[in-house]
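Here is the structure we will look at.
The values are calculated or read from the model by the stated rules, or taken from the named source; none is laboratory data. It should be emphasised that the depicted structure is a prediction, and the values quoted were computed from it without experimental measurement. FYI the Cβ positions are ideal-geometry reconstructions off the backbone, even for glycines, and counts take in every protein chain you see. SASA here: full protein model, heavy atoms, side chains in, ligands and nucleic acids out. Shrake-Rupley method; radii C 1.70, N 1.55, O 1.52, S 1.80 Å.
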Amino acid sequence: MKNSVPFACPSYVIPASVQENIQFLKGKVSEIALICFEPSLPIIKDLLPFRGAWHIHLPYHVPHDFYKHPEKYEDFSFQYSEQTIWKNCWEQANSLADIENFARVCITITKHCRQLKPKHCVLHLPKSHLQNAEPYLKHFLKIWEQELPLELLCLENVKNASWLDFRESILSSSCSLCFDVAHALTYEQTACFEDKECMKKVKVVHWSAPYEKNSEQNGLDKHLNLNNLINHTDYCIKVLKNIAPTATHVLEIFSWEEIEKSKDFFFQLFQYIEQASNQAG
């Protein structure tokens with residue numbers, strides 16, 4: 001069992017280029033989460049050496065003038081720099097037209113990656129306190145569905161945004177969900193897994209520790225190795241019990257060294273589930 005649990009990791013785990021990261025990950029993981037945090041198009045030929053599965057993490061930040069001057073970014077040729085000022089894609093929007101613009105960027109990125117046959121596309125939910133959060137989300141889903149299957153899109157719980165804040169919109173659509181364990185722990189969203197209807201929609205699980213063990217530094221999200229979750233082992237097991245066995249599990253830690261440190265804890269969770277199942281049988 002220990003070495004038979006497949007897991008994914010981000011496309012950035014060593015301080016090197018995307019191409020070098022992909023080469024490094026060959027033979028180490030069964031799936032890669034292609035990190036597209038910026039509205040830009042990845043170079044597909046750099047990704048093809050990896051023969052495993054793929055999914056995409058879509059952008060959640062846009063340049064500060066993205067909605068005011070969309071013509072600058074529509075052909076994806078704009079060169080970002082250290083001087084680029086980034087803003088949250090949902091917070092910066094002022095209209096449904098802005099959300100449509102952002103949705104079409106996400107759609108273009110996904111279609112650009114069609115050769116990789118991505119299984120899922122992860123998107124951060126808008127913060128629930130935003131005035132237009134619900135209509136913005138509904139409009140994004142509407143635009144996405146015009147071009148791509150909604151089942152492909154996995155909405156992720158983030159700070160100030162759990163599934164329960166958008167439950168009606170989520171359950172009335174065919175979209176999927178991404179459950180981030182660290183976000184749930186540090187942003188007081190641990191009750192999410194108790195919603196059976198939402199949990200049925202979970203296709204992707206993000207694993208990392210939000211803070212060091214023996215500290216409760218709520219509000220942080222450090223993406224630390226899983227050994228720091230030792231005090232939350234019971235919660236992690238409860239989450240696993242409520243996740244479909246077909247879900248993709250991502251060690252969302254941006255360091256291969258720290259991923260290696262996480263494996264024993266990660267595999268032990270699955271061993272516990274397997275042992276409990278055998279005893280019940």
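Flag: Phe140 does not match the condition of being crowded, with 21+ Cβ neighbours inside 10 Å, hydrophobic (A, V, I, L, M, F, W, C) and within 14 Å of the chain's Cα centre (by Cα).
Condition check ((1) in a loop (DSSP other than H, G, I, E, B); (2) charged (D, E, K, R)) across all residues:
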| position | (1), (2) |
| --- | --- |
| Val122 | no, no |
| Ser128 | yes, no |
| Tyr136 | no, no |
| His139 | no, no |
| Glu151 | no, yes |
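Kindly establish whether Asn228 is in contact (Cβ under 8 Å) with a residue 12 or more places away in the chain, within 24 Å of Glu31 (Cβ to Cβ) and in contact with a Lys or Arg (Cβ under 6 Å, 6 or more places away or on another chain). Yes.
Of everything in region 269-281 that is open to solvent by 40 Å² or more (accessible area, probe 1.4 Å) and touching a residue at least 12 places away in the same chain (Cβ under 8 Å), the residue that is nearest to Lys28 (Cα to Cα) is Gln271. Answer yes or no: is there a residue in region 80-96 that is of a type in the set (Lys, Arg) and under 30 Å from Ile253 (Cβ atoms). Within region 80-96 (the criterion being of a type in the set (Lys, Arg) and under 30 Å from Ile253 (Cβ atoms)), the answer is yes, since at least one residue qualifies.
In the set His129, His124, only one residue is closer than 20 Å to Glu188 by Cα and touching a residue at least 40 places away in the same chain (Cβ under 8 Å); that residue is His124. Condition test on Phe37, is it under 25 Å from Trp207 (Cα atoms), among the aromatic types (Phe, Trp, Tyr), in contact with a Pro (Cβ under 8 Å, 6 or more places away or on another chain) and open to solvent by 20 Å² or more (accessible area, probe 1.4 Å)? Against the criterion (under 25 Å from Trp207 (Cα atoms), among the aromatic types (Phe, Trp, Tyr), in contact with a Pro (Cβ under 8 Å, 6 or more places away or on another chain) and open to solvent by 20 Å² or more (accessible area, probe 1.4 Å)), Phe37 qualifies.
Scanning region 24-34 for residues that are surrounded by 15 or more Cβ atoms within 10 Å (Cβ to Cβ) and outside any loop (DSSP other than H, G, I, E, B) yields Leu25, Glu31, Ile32, Ala33, Leu34.
Apart from one condition, Trp207 fits all of (1) of a type outside the set (Ser, Thr, Tyr); (2) at pLDDT below 90; (3) farther than 23 Å from Leu150 by Cβ; the exception is (2). Residues in region 150-157: is at least one surrounded by fewer than 20 Cβ atoms within 10 Å (Cβ to Cβ) and within 20 Å of Pro39 (Cβ to Cβ)? Yes, region 150-157 contains a residue that is surrounded by fewer than 20 Cβ atoms within 10 Å (Cβ to Cβ) and within 20 Å of Pro39 (Cβ to Cβ). Could you tell me which numbered condition Arg104 fails, if it satisfies all but one of (1) open to solvent by less than 80 Å² (accessible area, probe 1.4 Å); (2) of a type in the set (Lys, Arg); (3) not in a loop (DSSP other than H, G, I, E, B)? Result: Arg104 fails condition (1) only.
In region 216-268, the residue that is farthest from Cys192 (Cα to Cα) out of those that are open to solvent by 20 Å² or more (accessible area, probe 1.4 Å) and of a type in the set (Ser, Thr, Tyr) is Ser255.
You will find that of Leu177, Leu229, the residue that is assigned to a strand (DSSP E or B) and either under 16 Å from the mean Cα position of the chain (by Cα) or among the hydrophobic types (A, V, I, L, M, F, W, C) (or both) is Leu177 and no other.
Going residue by residue through region 81-97, is there one that turns out to be open to solvent by 50 Å² or more (accessible area, probe 1.4 Å), hydrophobic (A, V, I, L, M, F, W, C) and within 19 Å of Trp144 (Cα to Cα)?
Scanning region 81-97, I find at least one residue that is open to solvent by 50 Å² or more (accessible area, probe 1.4 Å), hydrophobic (A, V, I, L, M, F, W, C) and within 19 Å of Trp144 (Cα to Cα), so the answer is yes.
Look at (1) in a helix (DSSP H, G or I); (2) open to solvent by 10 Å² or more (accessible area, probe 1.4 Å); (3) under 27 Å from Trp207 (Cα atoms) and you find that Ser169 fails only one, number (2). Since Val29 meets every condition but one in (1) modelled with pLDDT of 95 or more; (2) in contact with a Cys (Cβ under 7 Å, 6 or more places away or on another chain); (3) within 15 Å of Cys106 (Cβ to Cβ), which condition does it not meet? Against the list (1) modelled with pLDDT of 95 or more; (2) in contact with a Cys (Cβ under 7 Å, 6 or more places away or on another chain); (3) within 15 Å of Cys106 (Cβ to Cβ), Val29 comes up short only on (3).
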